[in-house]
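Have a look at the structure below before the remarks.
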Amino acid sequence: MAITSIKNLKEFSTVNERFEGAHLLCPGCAHSMIVRELMNATDDNLVISTNTGCLEVSTAVYPYTSWDTSWIHIGFENAASAISGAEAMYKARKKKGTLKDPDAPVKFVAFGGDGSSYDIGFQWLSGAIERGHDFTYIVLDNENYANTGGQRSSSTPIGAHTSTAQAGSHSYGKTQKKKDIVAIMAAHGAPYVAQLAPNKWKIMAKGFQKALDTEGACFINSVSPCTTEWKFDPKDTINVADLATDSLMFPIYEIIEGHELNILYRPKNIIKVEDYLGAQGRYKHLFKPENRHVIDRIQKDVDAKWEYLQRREEARV
Amino acid sequence: MSQNIPGTAKKGIHELGAETKVGWDEVTQGVVLEPFAEPVKDVAHIRPEERNYTDFSSYTATVASWRVLKPVYNSDICIDCQNCWVWCPDTSIISRDKQMLGIDYDHCKGCGVCVEVCPTNPKSLLMFDTNENLDVALSQWPEKKKKEK
């Protein structure tokens, strides 16, 4: 497998981009940072499918495409099944010897938002991972249906204000916890499952290379700060991602073969979740005195999760 | 609907309907958009400026009209760390051979992420009004800030 050197940023920057500008994602959107990083991490040919979501509607606005690779969009939920089919066909044609260029290295990648992966496409994703097709599935997790106006998804964390879980005098926003999709995918026994963040570019690029290099269905959940629905200034995308990883709201770790857990990033100074919540408009209401208990609960959950991850890493089970 | 975008000959991304393109009514099921004029092998080994893009690639379009502020690049201070390159959401930082060359104002939406992640003192990238003259902007560059004790 031909991979790009990611020893340092200077070497990484010599790659030839395959994701073009003038897509219609919001200014400061982290989706395109993650997609660019994935496509720059390898120089193999890529076959990409994308679920409906911000990424799909913004990068393939007729009559333009922002992709310099093979790219397909079918339905809201079926990026995983579309890429499974493409991969199965590729393998079959390789076996039959009907490929034009059988030696060209090809990698199969599927992108989905959290709505199409955690909720709507969950069954298709689960099936594709279970069948073990040789592809990498990447979730661009912005914790809501940002494309359609910021409705709650099962990835939205407790306490967040969304357009269908509004904060007000009788509610503090979403009352349910975020679904732990990384654990669910690891439970499928996938060979490589990871949670990554775009602000840690090197860890992310390494994770992508590892996933592309691993045979079998790999799954990556990546936080993607959403300037529109999380309500922060577009220039602060990376700052908010920093707060997310340093407050351990988004711990960065990988799980190999469903059991071997490695923590990939340990913040030098762990900050309070308050700092992360305070940077975003969607949590503004939590700082009212009557909602303080939600912040305390989030902090408690985050601490417990971090403790759990550390113990899992130690125990190697 | 025609957009006049200063400083670029490219068409606005919303400016549809060139002769070769068909409307939604004539589109058959399953549309294929070819970004390159001829089949290309190993795109990853061809420099963007050497590629033969068709009108279907968004590379040939521009979103410059979105911009309110634009980043201005000061090559005297830049240390070529490439932080702006890796985090630019719009593929608008032009880097070749480990050197930062400048900003692609056709595709830059002016989000300001590049200015935030710039580590130099003073910053090598700063936001100015999108109509500001580049030389005027460079002449207004701030002095090095002293460390606060």
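The values are calculated or read from the model by the stated rules, or taken from the named source; none is laboratory data. Only a predicted model underlies this, so the values are computations on that prediction, with no experimental measurement involved. With ideal geometry, Cβ positions are generated from the backbone for all residues, glycine too; neighbour counts draw on all protein chains shown. Ligands, DNA and RNA are excluded from the accessible area calculation, which covers all protein heavy atoms including side chains. Shrake-Rupley method; radii C 1.70, N 1.55, O 1.52, S 1.80 Å.
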Report yes if A:Val240 is surrounded by 16 or more Cβ atoms within 10 Å (Cβ to Cβ), out of contact with any helix residue (DSSP H, G or I) (no Cβ under 7 Å at 6 or more places or on another chain) and β-branched (Val, Ile, Thr), otherwise no. yes
Please identify the pairs in which a residue from region A:188-210 that is open to solvent by 30 Å² or more (accessible area, probe 1.4 Å) and part of a helix (DSSP H, G or I) has its Cβ atom under 7 Å from the Cβ atom of a residue that is modelled with pLDDT of 95 or more and hydrophobic (A, V, I, L, M, F, W, C), counting only partners at least 6 apart or on another chain. A:Trp201/B:Val86; A:Ile203/A:Leu196; A:Ile203/A:Ile252; A:Ile203/A:Leu264
Might you check whether a residue that is in contact (Cβ under 8 Å) with a residue 12 or more places away in the chain, crowded, with 22+ Cβ neighbours inside 10 Å, under 30 Å from A:Gly173 (Cα atoms) and of a type in the set (S, T, N, Q) occurs anywhere in region A:104-123? yes
Can you confirm whether B:Cys81 is at pLDDT 95 or above, within 23 Å of A:Ser13 (Cα to Cα) and either of a type in the set (S, T, N, Q) or open to solvent by less than 50 Å² (accessible area, probe 1.4 Å) (or both)? no
Among the residues of region B:75-103, count how many are more than 16 Å from A:Lys235 (Cβ to Cβ), out of contact with any helix residue (DSSP H, G or I) (no Cβ under 6 Å at 6 or more places or on another chain) and not basic (Lys, Arg). 15
From the list A:Ile181, A:Ile252, A:Ile256, A:Ile238, which one is under 27 Å from B:Lys109 (Cα atoms), touching a Phe, Trp or Tyr at 6+ places or on another chain (Cβ under 7 Å) and not acidic (Asp, Glu)? A:Ile238
So, B:Ser65, is that one within 17 Å of A:Leu9 (Cβ to Cβ) and polar (S, T, N, Q) or not? no
Please work out if A:Val193 is more than 17 Å from A:Glu260 (Cβ to Cβ) and of a type outside the set (Asp, Glu). no
Number of the condition not met by A:Ala79 [criteria: (1) touching a helix residue (DSSP H, G or I) at 6+ places or on another chain (Cβ under 8 Å); (2) open to solvent by 10 Å² or more (accessible area, probe 1.4 Å); (3) farther than 14 Å from A:Ser224 by Cβ]: (2)
Could you check A:Asn16 against (1) closer than 22 Å to B:Glu49 by Cβ; (2) surrounded by 21 or more Cβ atoms within 10 Å (Cβ to Cβ); (3) at the interface with chain B (Cβ under 7 Å from one of its Cβ atoms) and say which number it fails? (2)
A:Met39 versus (1) of a type in the set (A, V, I, L, M); (2) over 18 Å from A:Asn147 (Cβ atoms); (3) more than 9 Å from chain B (Cβ to nearest Cβ); (4) open to solvent by less than 20 Å² (accessible area, probe 1.4 Å): which is the lone unmet condition? (3)
